[in-house]
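The values are calculated or read from the model by the stated rules, or taken from the named source; none is laboratory data. Computed from a prediction, not measured in an experiment: that's the story for all the values here. Here the Cβ positions follow ideal geometry from the backbone for every residue, glycine too, while neighbour counts run over all protein chains shown.
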Amino acid sequence: MSNDKKKWQWAAVLGLLGMLATAVAEGLPPAVGGLPLPTLAPMLERAMPAVVNISTTAHVDVQNNPLLQDPFFRYFYNLPHMPPRQQQRNSLGSGVILDRDQGLVLTNSHVIDKADKITVTLTDGRQLEAELVGTDPESDVAVIQIPADNLAELPIADSSRVRVGDFVVAIGNPFGLGQTVTSGIISALGRSGLGIEGYEDFIQTDASINPGNSGGALVNLNGEFIGMNTAILAPSGGNVGIGFAIPSNMAMVIKNSLVKHGEVRRGLLGVVTQDLTPDLVKAFDLKHRQGAVISRIESNSPAARAGLEPGDIIVGANGKPVNDSHDIRNIVGLLQIGDEVVIDYYHGNERKQVTAVIGKPQRAQILGEKLHPKLRGTILAQTARNQVEGVLIEQVDTTSELWRVGLRPGDIIISANRYRVHTVDELRQVAHPGRPLLINIQRGQEGFFLVLK
């Protein structure tokens, strides 16, 4: 018998022994012939009451014909102003009770996005109205609160200790069917670069995750919370064995910030990095292939003050290895303004270490009238990463003409005079003060045009 075959047999035996050991721990006899088989039921009986179903109701504006929003069109045809129609939208998801004393429930930001009403249904049938504590769309984490009355909670495990191959169970509310349990293993760790969220460090699992599981719990065989089910990768939108969960360590850092501040106060390091390619490794004459090369340093940033330079290779931050640009982004993204970050890096072939203090991000804003007289009463800025690219309308004077025709904070200018605009500078180039300004506005999933003369 070959050594490889023996190894596989021993692996199978060890896997069975592991299941039997779990059975013993749960109070079941470790035997199979005519006796009860190993089961996850005792663990799930403890864990499932801490996973809740979430339903939301939101009223969103649905624009009428864009021409009816044009004040000159309405004036010419003597038409009254028609406010946007409202449409009710409902969604379903899941959540995890992590603090029974305060009634704090962790869920995904997209589950409760723009919700006017959030209803939490417990496993005992109680329906409780929840209040929003805070949300962080960049990481897709949110915290809501329900009355703390006879609740269960999940113990929290250290997600840095999980390994590929560990058995896991996903608990949630797929397709609104009600609480459902699926099992599998951890397929991969540290998944990033998927473009699903702004900050990605996912646990990948083949435990079935479907629409409605979002915000639910991924637990180990001890019934401990190791991750929050968040996304799936499937062409058809259903489960094909590739699901992603936000690790518990990352979720808890964000949850604590949301509870304390109502938001995540991310700071600025001031570096732009890129992954090391074989060509870059050769060009920099590197002996290692892991790390993120600094391509740009923002002036007067914490990184600049710490002495980092373009061409330096970051290989570690706060004791954690940095293999690529996503790693440094995730590590810095969990730090708050004023936190210190210890950077390990190579300057040439010399390994160095420096400490930087995370600073406050500077966001450029501009008064609308500096671009066009008809934008008077607005404050503009470039959109955040998780939004549609364009010029964000941050504030609108309620006494202005723009407010009267329906422009609102949060609207995004995506084109002007039929030119696609991504930044304030691009808007400046096509907005001529002496001419009319045709702007295309994106609001959520809806869009409309306005002509400003």
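Assorted remarks:
- Residues (in a strand (DSSP E or B) and either surrounded by fewer than 18 Cβ atoms within 10 Å (Cβ to Cβ) or free of Cβ contacts under 8 Å to residues at least 24 places away in the same chain (or both)) located in region 311-335: K320, P321
- Taking the conditions (1) within 25 Å of E45 (Cβ to Cβ); (2) surrounded by 18 or more Cβ atoms within 10 Å (Cβ to Cβ); (3) β-branched (V, I, T); (4) without any contact (Cβ under 8 Å) to a residue 24 or more places away in the chain in turn, I185 satisfies each one other than (2).
- Checking F244 against (1) in a loop (DSSP other than H, G, I, E, B); (2) free of Cβ contacts under 8 Å to residues at least 60 places away in the same chain; (3) among the aromatic types (F, W, Y), the condition it does not meet: (1)
- First in region 200-221 and without any contact (Cβ under 8 Å) to a residue 24 or more places away in the chain and within 26 Å of V120 (Cα to Cα), second anywhere and among the aromatic types (F, W, Y) and crowded, with 23+ Cβ neighbours inside 10 Å, Cβ under 8 Å, 6 or more apart: none
- Candidates in region 80-124 are the residues that are modelled with pLDDT under 90 and of a type in the set (G, A, S); of these, the one that is surrounded by the most Cβ atoms within 10 Å (Cβ to Cβ) is A115.
- So R266, is it touching a Leu at 6+ places or on another chain (Cβ under 9 Å), surrounded by 13 or more Cβ atoms within 10 Å (Cβ to Cβ) and at pLDDT below 85: yes
- So K374, is it modelled with pLDDT under 85, in contact with a strand residue (DSSP E or B) (Cβ under 9 Å, 6 or more places away or on another chain) and not in a loop (DSSP other than H, G, I, E, B): yes
- Hits in region 336-362 (condition: surrounded by fewer than 20 Cβ atoms within 10 Å (Cβ to Cβ), of a type outside the set (D, E, K, R), touching a residue at least 12 places away in the same chain (Cβ under 8 Å) and farther than 24 Å from A381 by Cα): G338, V342, Y346, H347, N349, V354, T355, V357
- Residues of region 219-232 that turn out to be crowded, with 24+ Cβ neighbours inside 10 Å and under 17 Å from A152 (Cβ atoms), as a count: 3
- No other residue among N256, N249 is touching a helix residue (DSSP H, G or I) at 6+ places or on another chain (Cβ under 7 Å), assigned to a helix (DSSP H, G or I) and within 30 Å of E131 (Cβ to Cβ) apart from N249.
- Residue that is surrounded by 19 or more Cβ atoms within 10 Å (Cβ to Cβ), assigned to a loop (DSSP other than H, G, I, E, B) and either outside the structural domain of D201 (by TED's automatic domain parsing) or basic (K, R) (or both), where the choices are L380, L308, L286, L392: L308
- The set of residues from region 395-444 being in a loop (DSSP other than H, G, I, E, B), within 28 Å of the chain's Cα centre (by Cα) and touching a residue at least 24 places away in the same chain (Cβ under 8 Å) comprises L407, R408, G410, D411, V421, H422, T423, G444.
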